[in-house]
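Since the structure comes first, as structure tokens, the remarks are kept for the end.
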Amino acid sequence: MTTRAKLGANIALVVIGVCFVAPLLWLLLAAVDPQAGYQTKVPVAPSLENFRAVMTPELLFQPLANSLMLSAGTAVVNVLAAVLAAYPLSRYQSRFNKPFMYTVLFGTSLPVTAIMVPVYGLFVQLQFLDSMAATVFFMATTTLPMAIWMTKNFMDSVPLELEEAAWVDGASAMAALRTVVLPLMRQGLGVVFIFVFIQAWGNFFVPFILLLSTGKQPAAVSIFSFFGQHGAIAYGQLAAFSILYSVPVLVLYALVSRGMGNSFALSGAMKG
């Protein structure tokens, strides 16, 4: 690569980096600026007034609790269902495995907006509207196809010989799955959990349609309270809310990544 080509590549990377950093810089500066606007500027008199304004049960704590319930519930349902679906696909060879996996992959390409009208009609008929549990199960179905693919790939990396040794010792298939396979793929399950949790945490459209009560709406929906009528936007409070809204996901990622660091320590137990 010539010097001119390297210079062009470096300039392109700098431009891309600025495009990512500029919104984050505005977010941090606007959060401590009582007079924040849409322009990126250093606040004249920085203060925490925007954080104090949004840290109320109605604006922050209740929506965050709802988001946590929806996201954690969706992630738990996904992990359980994905493990049960991926196990036979990983351990038992069949001519139907590949068509089934392609069908699952096709499910990831369906936009949620395309199926919300019949889903809304179904929820009305079954009287599931404004139900947190029903919303959790539906949100789980939207991310389950990708969860199955990811879980199967992680499960394929666990040596089958370890499971066969458990079978020889008298363990059933489900017992071997619980005591041998799952402990060795904890890091993979953590990745799947975080992936589904983040997808559900930022989901706006599904809770907006299916949850009617203000007290049940997650933070992704309640953020609209900072957009007033006639184009009035509380930029400072919006920035402060956005920062606090992202903290739980970052904390979850840090905790899971630290706890799963040595989860594949036994993966070398079998040698060829």
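The values are calculated or read from the model by the stated rules, or taken from the named source; none is laboratory data. Note that the structure is a prediction, hence the values are computed from the model and not measured. Cβ coordinates were reconstructed from backbone atoms using ideal geometry, including for glycine residues, and neighbour counts include every protein chain displayed. Accessible surface areas use protein heavy atoms only, side chains included; no ligands, DNA or RNA. Shrake-Rupley method; radii C 1.70, N 1.55, O 1.52, S 1.80 Å.
Within the chain, the selection of entire DSSP H helices by a Cα span of 15 Å or greater along the long axis and an average Kyte-Doolittle value of at least 1.0 returns 3-31, 62-91, 112-126, 186-201, 235-259. For segment 104-241, the fraction of C-alpha pairs more than 28 angstrom apart is 41%. Dividing the radius of gyration of the alpha carbons in segment 12-51 by their Kirkwood radius gives 1.09 for Rg/Rh.
Show which aspartates and glutamates lie in cross-link reach of residue 98 when reach means a straight Cα distance below 16 angstrom and same-chain residues fewer than eight apart are skipped. List returned: 156. If a spin label sat at a point 7 angstrom from the Cα of residue 160 along the line to its beta carbon, the backbone N atoms of segment 177-191 nearer than 16 Å would be those of 177, 181.
Could you tell me how far the Cα centroid of segment 158-234 sits from the Cα centroid of segment 88-114, in Å? Cα centroid to Cα centroid, the span is 19 Å.
Leaving ligands, DNA and RNA out of it, report the carbon-plus-sulfur percent of the accessible area of the chain at a 1.4 Å probe. Heavy-atom surface of the chain belonging to carbon and sulfur, 1.4 Å probe: 70 percent.
Can you return the aspartates and glutamates within cross-link range of residue 41? Criterion is Cα-Cα under 19 Å, with same-chain partners fewer than 8 residues away left out. Residue 41 reaches 33, 49. Each peptide among 160-172, 201-213, 184-196 gets the average number of other Cβ atoms lying within 10 Å of its residues, and from highest to lowest they stand as 184-196, 201-213, 160-172. Run the Debye formula on the Cα coordinates of the chain, all scatterers equal and no solvent, and tell me log10 I(q)/I(0) at q = 0.14, 0.17 1/Å. Debye intensities relative to I(0), on a log10 scale: -1.10, -1.27. Using a cutoff of 8 angstrom between alpha carbon atoms and counting only pairs six or more residues apart, the relative contact order for the chain works out to 30 percent. The packing ranking, built from the mean of other Cβ atoms within 10 Å per residue, places the peptides 35-42, 147-154 in the order 147-154, 35-42, highest first. Based on DSSP H segments of at least four residues, each scored -39500 (n - 2.57), the chain has a per-residue ellipticity at 222 nm of -22000 deg cm²/dmol.
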